[in-house]
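What follows is one structure encoded as structure tokens, with my remarks underneath.
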Amino acid sequence: MNKKNLLVVRKNIDKIDLKLLNLLKTRTELVKKVILLKKYKKQIVDKKRIKKVLLNIKKNSIKKNIDPKVTNKIWKSMIRGYIDFEKRNFKKK
């Protein structure tokens with residue numbers, strides 16, 4: 001293993017992580033808007049929407065030659081995180 005090459009690759013991963021964080025900030029702002037549009041707490045978990053999102057991610061992962069098992073785990077985790085975020089920030093009934 002070439003330590004210098006490893007450090008270069010890791011530095012590039014760190015840059016991508018920063019870009020992902022910026023995208024998550026934008027996604028979080030959109031989720032805040034979604035919270036305002038929902039009337040009832042029971043609307044937070046939309047199983048049809050989750051199923052549709054995961055199917056789209058699987059299709060796009062395959063198209064882009066990304067392991068769909070990896071992206072499925074990432075999106076399921078992100079969805080769970082945002083469901084928790086919505087529940088903590090929902091102020092209505």
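The values are calculated or read from the model by the stated rules, or taken from the named source; none is laboratory data. Here the structure is a predicted model, which means the values were calculated and not measured. Neighbour counts are summed over all protein chains in view; Cβ atoms, including those assigned to glycine, are modelled from backbone coordinates with ideal geometry.
Worth pointing out:
- Selection of helices (runs of 4 or more DSSP H) fully inside the chain by the criterion of at least 3 residues being surrounded by fewer than 10 Cβ atoms within 10 Å (Cβ to Cβ) and charged (D, E, K, R) returns 3-37, 47-63.
- Any hit, the stretch 20-31, residues being over 14 Å from the mean Cα position of the chain (by Cα) and not acidic (Asp, Glu): no
Matching residues to (1) of a type outside the set (Val, Ile, Thr); (2) modelled with pLDDT under 95:
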| site | (1), (2) |
| --- | --- |
| 24 | yes, no |
| 35 | no, no |
| 53 | no, no |
| 64 | yes, no |
| 71 | no, no |
| 87 | yes, no |
| 91 | yes, yes |
